Amino acid sequence: MDLMPHLDVWAMIREATPTVKAVLALLAAMSVVSWAVILHKLCTLLPAARSSRTALAETLASLERGDGLAAALTLAARHSRAPLAGAAQAALAILGRTGEATTSPRLLADAARAATLAGTQALRDHERGIGILAACSGAAPFIGLFGTVWGVMHAFNALGLVQAQALTLVAPGIAEALVATALGLAVAVPASVAFNAAVGAVDGLERDLEALTLCLAAAAPEGKG
């Protein structure tokens, strides 16, 4: 006797109630959207984080060698994938406005503000889509649970209509309903992992940007001479 029959998920979906099918369709759409965001972040956010770390390390090393602020910012501006690059370019544009031999504290403050604004705009671009991952990871399990509860209710209602207590009449309906919970978890788990990874990467980019602006602020005393 075969106590472990073949699990035909597609047959369960075909036999599910319209409400459960709608829930499954919604979860499938959420899965497609969340994976699109995940793949986009893998191609953009992670390379940006690596490039940002490299740019900051080169900038700090240049400052330690005494190459000068402009030379250090030029090194950071070469890493086009990093938000640091746009911030460095904005700072260089401000510092290059005048032909002064020394850099005034006011000019450095303007450069720091320009770098902050440019870096913040770049960070906003990288933050896009993270909210979708948060929504999918938080809502998908509950949507799947709703589909499961509805399917179980339908299965027991059918059992009551035939006025029988045979498990074979209600078990297929319960199995169909549990597919919704399984799909909900399949959507939520990768979305949750990707959300946490993306938030950590964005936080790292923010810290790198703050370090760059601190370099500009630390250079202010040099301009007082």
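Computed values, structure above
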quantity: Per-residue Cβ neighbour rank within 10 angstrom, fewest leading, VAL20, VAL152; calculated: VAL152, VAL20
quantity: Highest-first arrangement of 58-71, 200-213, where packing means the average Cβ count within 10 Å; calculated: 200-213, 58-71
quantity: Net charge contributed by nearby residues that have their C-beta within less than 10 Å of HIS79 (K/R +1, D/E -1); calculated: +3
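Laboratory data are not the source of any read-out in this text; all were calculated from the coordinates shown. These figures come from a predicted structure and were not determined experimentally. A quick note on method: Cβ atoms are made from the backbone with ideal geometry, for glycine too, and the neighbour counts reach across all protein chains shown.
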